[in-house]
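**Q** Below is one structure. I have some questions about it.
The values are calculated or read from the model by the stated rules, or taken from the named source; none is laboratory data. Bear in mind the structure is a predicted one, so any value in this text is a computation, not a measurement. A quick note on method: Cβ atoms are made from the backbone with ideal geometry, for glycine too, and the neighbour counts reach across all protein chains shown.
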Amino acid sequence: MNKPTAAEIFAAFFRIGVTSFGGGLVAYLRDALVAEKNWMTEDEFLAALEIGQTLPGLNSVNVAIIAGRKLAGPAGAVAAASGLVIPGAVILVILGLLYVRFRNNPDVAAALAGIAAAAVGLLFQVTLKIGAKQFLNLLDLAFVLLTFVLVGLCHVSLPVALFLIAPFAIILHRPRKGASK
Amino acid sequence: MREIVSLLNVFCLLSLLAVGGGSAVLPEMEHEAVTVHQWVSADDFATIYSLGQMAPGPNMSMVGLIGFKAANHAGMSTGWALAAMVIVLLAFYLPSSFLTYAASHVWDAFRDNPWRDAVQKGMAPVTIGLMLAGVHAVGKTASYNPGHSLHFNMITCGIGLLVTAILFARHINPALLILAGGAAGWFFLRMN
């Protein structure tokens, strides 16, 4: 496997950052890093994703940091993450300026209301899809609802809520002796 | 200047609290940005969130627009507002990235630790609960808003549920569905 330079890494992630409309970034990353560029094996990618999902932060940005570091050290990590984030951020500046300029136009306001309504539907679907297992398990469902009520309805601050819930959630899944891996 | 410091504090903390992805901090972000600091209105927050769904790259880059609007709201110039946007993006992405960078060094020793599995399995329902709270945080403005007419709410809920159903039935790029939602919103909400 050939080691790419930071500039090559930036270019590869920039391309994903420009083309990845509609989310699902992890799939884009896998296609580019494993299939197209051959910079990582499937196993290395899955290991990076495991870390990215366990640690706080966006999964896609975390995977970019890990992959970039593996390929070219600190410069590679910076190149990967900035390449992924910068194009969308620039486009958002433009969308944001247009929004401020045209928000009072009734046609624009109606379209934006529809867009926001659709975005809620999208987040709802993603939540149901990745939470399918948790919704069907009574103990997990209790944690889902407890978290929802504390943070979503009672506005308990997130650090406090995590401090209260996380120890129990983790202890209940603690490693058990003799359990099959 | 005080606004910039508050933005830094809030978004650095959110960065480190984003367990299982960015959507998990959406309810807390909405609460801080709309209710506590009043950087943006509830409508602005819902719109900014949905703009994030339309741009390529990580959807949560929309946090930058909250910084932009906060600076704007505090009477800063456009140049300063753009600086606030960059600061918020860095605040939101750098802390978790540093942590990931550091952790990936020691990960191989840590990867087979049985507690990693416990953390991932145990936190999964917490993340889902937070995402559900995120649906509510945006939905209470964008979908079922007591300040809107019943007719309006039926249309916005209808658009949302239709998007949910379509995504379960078909593999369609969500960005296209969001745009279609915009067209539907214009058509149905403008016609009366």
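**Q** What number of residues within segment A:68-101 satisfy the criterion of being in contact with a Ser or Thr (Cβ under 7 Å, 6 or more places away or on another chain) and facing chain B (nearest Cβ under 8 Å)?
**A** Within segment A:68-101, the subset in contact with a Ser or Thr (Cβ under 7 Å, 6 or more places away or on another chain) is A:69, A:72, A:81, A:84-85, A:88-89, A:92, A:99.
Retained after the next criterion (residues that are facing chain B (nearest Cβ under 8 Å)): A:69, A:81, A:84-85, A:88-89, A:92, A:99.
Qualifying residue count, segment A:68-101: 8.
**Q** Kindly indicate whether B:Met62 is under 17 Å from the mean Cα position of the chain (by Cα), of a type outside the set (S, T, N, Q) and over 20 Å from A:Leu158 (Cβ atoms). Please lay out each step first, then the result.
**A** Numbers: under 17 Å from the mean Cα position of the chain (by Cα): yes; of a type outside the set (S, T, N, Q): yes; over 20 Å from A:Leu158 (Cβ atoms): no.
It is false that B:Met62 is under 17 Å from the mean Cα position of the chain (by Cα), of a type outside the set (S, T, N, Q) and over 20 Å from A:Leu158 (Cβ atoms).
**Q** For segment B:163-184: of the residues being assigned to a helix (DSSP H, G or I) and more than 21 Å from the chain's Cα centre (by Cα), which is farthest from the other protein chains (Cβ to nearest Cβ)?
**A** So, considering only residues that are assigned to a helix (DSSP H, G or I) and more than 21 Å from the chain's Cα centre (by Cα), the one farthest from the other protein chains (Cβ to nearest Cβ) is B:Ala169.
**Q** Same structure, new question: Here's a check for you: in segment A:1-46, which residue that is among the hydroxyl-bearing types (Ser, Thr, Tyr) and surrounded by fewer than 17 Cβ atoms within 10 Å (Cβ to Cβ) is nearest to A:Gly88 (Cα to Cα)?
**A** Going through segment A:1-46, the residues among the hydroxyl-bearing types (Ser, Thr, Tyr) turn out to be A:5, A:19-20, A:28, A:41.
Remaining after also requiring surrounded by fewer than 17 Cβ atoms within 10 Å (Cβ to Cβ): A:5, A:19, A:41.
Working: A:Thr5: 23, A:Thr19: 9, A:Thr41: 27 Å.
Out of the qualifying residues, it is A:Thr19.
**Q** Still on this structure: Restricting attention to segment B:77-108, which residues are more than 7 Å from chain A (Cβ to nearest Cβ) and free of Cβ contacts under 8 Å to residues at least 12 places away in the same chain?
**A** Matches in segment B:77-108: B:Ser77, B:Thr78, B:Gly79, B:Trp80, B:Leu90, B:Phe98, B:Ala102, B:His105, B:Val106, B:Asp108.
**Q** Residue under question is B:Leu65, and the condition is that it be buried (at least 24 other Cβ atoms within 10 Å of the Cβ), without any contact (Cβ under 8 Å) to a residue 40 or more places away in the chain and either under 19 Å from B:Thr141 (Cα atoms) or within 7 Å of chain A (Cβ to nearest Cβ) (or both); does it hold? First the steps, then the outcome.
**A** Values: buried (at least 24 other Cβ atoms within 10 Å of the Cβ): yes; without any contact (Cβ under 8 Å) to a residue 40 or more places away in the chain: yes; either under 19 Å from B:Thr141 (Cα atoms) or within 7 Å of chain A (Cβ to nearest Cβ) (or both): yes.
For B:Leu65, the condition - buried (at least 24 other Cβ atoms within 10 Å of the Cβ), without any contact (Cβ under 8 Å) to a residue 40 or more places away in the chain and either under 19 Å from B:Thr141 (Cα atoms) or within 7 Å of chain A (Cβ to nearest Cβ) (or both) - is met.
**Q** In addition: If you go through segment A:9-67, how many residues are more than 7 Å from chain B (Cβ to nearest Cβ), more than 22 Å from B:Gln53 (Cα to Cα) and not in a helix (DSSP H, G or I)?
**A** Of the residues in that region, 5 qualify.
**Q** Out of segment B:138-149, which residues are more than 7 Å from chain A (Cβ to nearest Cβ), touching a Phe, Trp or Tyr at 6+ places or on another chain (Cβ under 9 Å) and in a helix (DSSP H, G or I)?
**A** Hit for segment B:138-149 is B:Thr141, nothing else.
**Q** Is it true that some residue in segment A:80-89 is in contact (Cβ under 8 Å) with a residue 60 or more places away in the chain and hydroxyl-bearing (Ser, Thr, Tyr)?
**A** yes
**Q** Mind listing whichever residues of segment B:95-124 are of a type in the set (A, V, I, L, M, F, W, C), out of contact with any Pro (no Cβ under 7 Å at 6 or more places or on another chain), surrounded by fewer than 16 Cβ atoms within 10 Å (Cβ to Cβ) and under 23 Å from A:Phe163 (Cβ atoms)?
**A** Answer for segment B:95-124, where residues must be of a type in the set (A, V, I, L, M, F, W, C), out of contact with any Pro (no Cβ under 7 Å at 6 or more places or on another chain), surrounded by fewer than 16 Cβ atoms within 10 Å (Cβ to Cβ) and under 23 Å from A:Phe163 (Cβ atoms): B:Phe98, B:Ala102, B:Phe110.
**Q** While we're on this one: Just one of (1) over 13 Å from the mean Cα position of the chain (by Cα); (2) in a helix (DSSP H, G or I) trips up B:Met76, so point out which.
**A** (2)
**Q** Which ones in segment A:24-77 are on the phi > 0 side of the Ramachandran plot and of a type in the set (Gly, Ala, Ser)?
**A** A:Gly24, A:Gly57, A:Gly73
**Q** So is A:Ala81 part of a helix (DSSP H, G or I), of a type in the set (A, V, I, L, M), touching a Gly at 6+ places or on another chain (Cβ under 7 Å) and not assigned by TED's automatic domain parsing to the domain that holds A:Leu162 or not?
**A** Spelling it out, A:Ala81 is indeed part of a helix (DSSP H, G or I), of a type in the set (A, V, I, L, M), touching a Gly at 6+ places or on another chain (Cβ under 7 Å) and not assigned by TED's automatic domain parsing to the domain that holds A:Leu162.
**Q** Somewhere in segment A:138-151, is a residue closer than 19 Å to B:Thr141 by Cβ, more than 7 Å from chain B (Cβ to nearest Cβ) and without any contact (Cβ under 8 Å) to a residue 60 or more places away in the chain?
**A** No, segment A:138-151 contains no residue that is closer than 19 Å to B:Thr141 by Cβ, more than 7 Å from chain B (Cβ to nearest Cβ) and without any contact (Cβ under 8 Å) to a residue 60 or more places away in the chain.
**Q** If you go through segment B:14-29, how many residues are free of Cβ contacts under 8 Å to residues at least 12 places away in the same chain and either within 11 Å of the chain's Cα centre (by Cα) or outside any helix (DSSP H, G or I) (or both)? Before you say what the answer is, go through the steps one by one.
**A** Applying the first criterion (free of Cβ contacts under 8 Å to residues at least 12 places away in the same chain) to segment B:14-29 yields B:17.
The next check asks that each one be either within 11 Å of the chain's Cα centre (by Cα) or outside any helix (DSSP H, G or I) (or both); those that pass are none.
Count: 0.
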